[in-house]
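The values are calculated or read from the model by the stated rules, or taken from the named source; none is laboratory data. Here the structure is a predicted model, which is why all the values come from computation and not from measurement. Glycine also receives a Cβ, built like all others from the backbone with ideal geometry; neighbour counts cover every protein chain displayed.
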Amino acid sequence: MTSKIKFTYGGKQYILEFTRNSVKELEKRGFVASEVLEKPLTVLPDMFAGAFIANHRFTKRKVIDEIFAKIDNKEELVNTLAEMYSLVIDEFVDELEKRNKDLSWERI
């Protein structure tokens with residue numbers, strides 16, 4: 001599975017990825033993954049911008065939007081970003097399930 005995207009723009013190399021901290025920050029900014037189908041013109045560029053947080057936090061949004069406008073194969077890009085985002089969530093859920101096996105509960 002893909003966990004990073006690499007490309008060069010304006011002579012600078014970028015490595016995009018999602019980490020637990022970058023996903024948390026993206027969500028604090030109001031990003032809701034389930035809104036992709038409802039608000040694609042807003043959510044997809046925001047998801048792309050969120051992938052800059054981990055390694056290129058201080059890249060100006062104007063530059064990110066320029067890159068998004070020029071980058072090719074957007075359908076595959078969006079699918080890859082969604083996969084990368086999902087990997088972080090899946091890893092988090094798996095970790096929670098493993099950690100919580102020592103403590104069980106029951107409804108009474």
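Restricting attention to the range 1-36, the residues that are loosely packed, with under 15 Cβ neighbours inside 10 Å, in contact with a helix residue (DSSP H, G or I) (Cβ under 7 Å, 6 or more places away or on another chain) and part of a strand (DSSP E or B) add up to 2.
Considering only residues that are surrounded by 17 or more Cβ atoms within 10 Å (Cβ to Cβ), within 21 Å of A69 (Cβ to Cβ) and of a type in the set (A, V, I, L, M, F, W, C), which ones fall in the range 37-58? Within the range 37-58, V43, L44, M47, F48, A49, A51, F52, I53 meet the criteria. Close contacts from the range 80-99, counting a first residue that is more than 16 Å from N21 (Cα to Cα) and in a helix (DSSP H, G or I) and a second that is at pLDDT below 80 and of a type in the set (A, V, I, L, M, F, W, C), with Cβ to Cβ under 9 Å and a gap of 6+ residues or different chains, come to E83/M1.
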